[in-house]
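The values are calculated or read from the model by the stated rules, or taken from the named source; none is laboratory data. The structure displayed is predicted, hence computed values, not measured ones. Don't worry about glycine lacking a Cβ; one is built from the backbone with ideal geometry, like all the others, and counts go over all protein chains shown. For accessibility, only protein heavy atoms count, side chains too; no ligands or nucleic acids. Shrake-Rupley method; radii C 1.70, N 1.55, O 1.52, S 1.80 Å.
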Amino acid sequence: MSASGANEQRILLIDGHAMAFRAFFALPADGFSDGRGQATNAVYGFTRMIINVVASEQPTHVAVAFDLPGGTFRDRIYDQYKAGREVTPPEFHGQIALIQQVLDALGVSWFTVEDYEADDIIATLATRTAAEGGQALIVTSDRDSIQLVGENVTLLQPIKGVTEMRRMDPAAVEEKYGIPPERYPDLAALVGESADNLPGVPGVGPKTAAKWITAYGDLQGILAHAEEIKGKAGQSLRDNVEAVERNRRMNAAVTDLELPQDPERYSLGRGDAVALNAVFDELAFGPTIRKDVPAVLLADGESASTVPERELPALQQPTGEQVAEVLARDFAAGAALVIDGRWELGQGDASALALATDDALAVIDLVDLDDTAERALATWLADPAIAKTAHDTKLATHQLRGRGLDVAGWSTDLAIAEFLCRPDQRPTDLAGLAMRHLQEDLQVTSAAVQQELDLDQDESGKDTLARAADAVARLGTTLREDLEQHAAVELHDDLELPLARVIGVMEATGIAVDDDVLAELDAQHEAEQERVAESAFSHLGGDRINLGSPKQLQEVLFDRLGMPRTRRTKTGFSTDAESLADLHEKTQHPFLTDLLAHRDVTKMRQIIDTLRRFISPTGRIHTTFHQNIAATGRLSSNNPNLQNIPTRTEEGRRIRSAFRASDGFESLMTADYSQIEMRIMAHLSDNEGLIEAFRSGEDLHRYVASKVFDVAPEDVDGAMRSKTKAVSYGLAYGLSAFGLARQLRISQAEATALRDGYFERFGGVRDYLRESVEKARAIGYTETILGRRRPLPDLTSDNRQRRENAERVALNSPIQGSAADIIKLAMLRVDEGLRDAGLTSRVLLQVHDELVLDVAPGEEEQLREVVAAGMGSAYELSVPLEVGIGVGPNWLAAAH
DNA sequence: GCACGGACGTA
DNA sequence: CGTACGTCCGTGCC
């Protein structure tokens, strides 16, 4: 308490505009909306802030000050005051009024005073409170309030966002600025305030200003001795006396505004929970922020929370023989599972398992399991008849495998189910998923979700784990309904869920990598890299720029060497390989050749280095495959990405030779679909010509080219074939004549003619593509052969750019997505085939249209049959699915 | 330390 | 002004 502790008043004073504005920029505007197009990010952030500050500072009184639109007396002193500020973003509009509605419901008084700023209101109330011996706490990002800091006045400055605050008392101000708070306006007058468009003395910063203030006492003293001050700064001061004096008049706080004296007007505990909930409903705010509203703000005994906390079943923590009892009694039919512990790169430390149903809740400690409990749990987990649900079944399986436990009987994978229903949403953590489903109409992004329900923040250990399991159980029910609604039950049950198990085994197995091969390659590339770099520098007169910096390259190429500008990027001009090749054609400058060579070799080294970092102690790389990333339904791979290992260039391909058959295995096998996307186009378009092309057994592009150019297949030359191939594949991506021309480096007229010629023979393909886009526009989503949907709301956008982009996506998604469906089916078939045939050979990788397998000794012939059959008959199209198979000691040699 | 853009590897 | 991804680096921000 202060020295004048007679007064217990402790008033919180908030600068409404400053904090609302800050909240606006701290949270994404497009992530917070009331569902009707009104952004609410500033409202949410501001409300969070006031809740937090009231809870942590425990004031007895509170007031919020706002600016009024239009000018103040300061504009009459200086007509450029606050000029040049960025215009308020449109999404900010209306949010101040909403904040005021929240404050009304909270029973917090807010004030505006004609002709004055929020600062002046705060200054008046702070000064008055301090004079009466109370304490004032000011919350603002505006520096003008620094002058108010004193024994009874503390400033809370937001540091990051609106929830982290720095406490400024007189000592802190002195520490930061080197002067006492009451001298701050003097310092600001000298330095100027760019936010208010108040220029100060050029060449004088806070350090100099503080030095002068210390030397001459205050601004008056400085001006009185202005003639004595030496140097440039002194002269600058003498030249700008008027501006300084004006600044000082401007930044002086007004402390005598007419504001209500009655302390009741500022007291807490006047909030109306019913009104507040109505406002929060309007704003689509979630349950947690309601729960967090401090009771002191509300009228007696009320709570803001309208979302009743679910009564959790009693938490059981069985040990020993109790585990078997509890599993048999409460979880005989199934349960939702949540496991505590991390799993990465084959390393796991699962420590506890939570189980939940609608009526039961248990946490089993995995660290101190005795034999009886372990056996009971192992039996229960392995029982395929016991239905189990998890947020991520593959991860749960990995975690339990790390404890030596196998799982069967997975029935629902929340992440997969969610993805099938909403493939374009970002992958969701459990907290985010729970939030989205608990508040159906709540349109918040992960930032808010994390705050709302952060299940990762493990505060109460087993309770949190149990609550999470309970959430998984309830979400399981919800998502099963969602799957029905989106016609995705079969996709989940019969494709993705079983596939998750197959992929999990692939990840756990990993692929053997020969580090010596990579080390040797790296050494070769290192030498080459140095050689090329030296050569490149020699063409720059020995200037050793950073060849990896697009910025420095632009300076050299376009400024220093005066080369013609290339296509624009966001930050300048492109230096990508295509642009550099163009430049080389035009200028013949030898630097460009070296630069391109340097890029190539640097890229190769990066790839090699990245791979080496991921080699496990057992000499294997365990990538992670994701089922819930690519909106078309493809898998993705990361840590490391094994789906983009080079293959196009000779140099790049050598990296593939480092991927080898595992010890105890005979060789690697690769099996890939030939032209699967074109086959799908033939099937979906039902185009006779294209179907015939595949049935003829002739080389596809040669056959199509012979029709397009109207020559015999044997008369198709290389140029005709490659042009036709470009059109064929371009079709599946929505390629324009412009893009085709650019890619083939031909004129746009020629490209148009080429495409027209193509459609003369294969017009059915164009018709199909057009119709499929129109159908998607009508029903709102695209569909693959297995019924995997992708919503595309932008197909009806008024914005041409967005609409045309969505059209290309609509064109491509059924094709890419159906190919993804087919290879996923194939993976299940191959997995089944391996088991049925009793083979030890195993699938290691999937690269979109290719599988890589370890071939066990003596199994090659049988494996060929299993793989060819599994992939070839995965799905029946109107054209055959052709599978190419190759075998060799390593991935490169296994190519065919 | 973190976010972003540019560049480039794959299907 | 061609779809779908992941990773690296340099840069500029806090």
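Computed with a 1.4 Å probe on the full set of protein chains, the accessible area for A:Lys388 sits at about 0 Å².
Counting only DSSP beta bridges whose two residues both lie in chain A, roughly 65 percent are antiparallel. Computed over protein heavy atoms with a 1.4 angstrom probe, the accessible surface ordering of A:Ile511, A:Ile159, largest first, is A:Ile159, A:Ile511. Counting only protein heavy atoms and using a 1.4 Å probe, the accessible area of A:Lys775 comes to about 120 Å².
For segment A:131-252, the square roots a ≥ b ≥ c of the C-alpha gyration tensor eigenvalues yield an a/c of 1.5 or more together with a/b exceeding b/c, which makes the shape prolate. Legend: residues A:His589, A:His93, sorted from most to least accessible area (1.4 Å probe; ligands, DNA and RNA excluded), read A:His93, A:His589. Taking every C-alpha pair closer than 8 Å and separated by at least 6 residues, the mean separation divided by the residue count of segment A:567-721 gives a relative contact order of 8 percent. Quote the FRET efficiency, to the nearest 0.05, computed for A:Thr477 versus A:Ala385 with a Förster distance R0 of 25 Å and r equal to the Cβ-Cβ distance. Computed FRET efficiency for A:Thr477 and A:Ala385: 0.80. For chain A, the calculated P(r), taken from all Cα-Cα distances in 10 Å bins from zero up to the bin holding the longest distance, is 2, 9, 14, 17, 18, 16, 13, 8, 3, 0, 0 percent.
Converting phi to 3J(HN,Hα) with the Karplus coefficients 6.51, -1.76 and 1.60 and the offset θ = phi - 60°, segment A:136-150 yields 10, 10, 9, 10, 6, 9, 7, 6, 4, 6, 4, 4, 7, 4, x Hz in sequence order, with x at every glycine or proline. Each pair of Cα atoms in segment A:542-590 enters the Kirkwood radius, and Stokes-Einstein at 10 °C and 1.306 mPa s then converts it into a translational diffusion coefficient of 143 µm²/s. Each residue of segment A:677-810 gets 105 Å³ once the volume of the Cα convex hull is shared out per residue. In the full protein context, segment A:517-636 carries 52 Å² of accessible surface per residue, based on a 1.4 Å probe and ignoring ligands, DNA and RNA.
Taking 0.36 nm per residue of separation and subtracting the Cα-Cα distance, full extension of the segment from A:Asp79 to A:Glu651 would add 199.2 nm. Between A:Asp262 and A:Ser878, what is 0.36 nm times their sequence separation minus the Cα-Cα distance? Round to one decimal in nm. Length gained between A:Asp262 and A:Ser878: 213.3 nm.
Once backbone amide H atoms are built at 1.01 Å from N, A:Asn890 has A:Leu668 as its partners under 5 Å, excluding neighbours fewer than 5 places away on the same chain. Equivalent-ellipsoid semi-axes for segment A:315-506 (Cα gyration tensor, √(5λ), whole Å, largest first): 26, 19, 16. Counting only DSSP H runs of at least 4 residues, each contributing -39500 (n - 2.57), and dividing by the residue count of chain A, the helix-based mean residue ellipticity at 222 nm comes to -15000 deg cm²/dmol. Site pair A:Ala581 and A:Ala408 shows an inter-label distance of 5.4 nm when each label is modelled 7 Å from Cα along Cα→Cβ.
Measuring max minus min along each principal axis, the C-alpha atoms of segment A:813-859 give extents of 40, 18, 11 Å (largest first).
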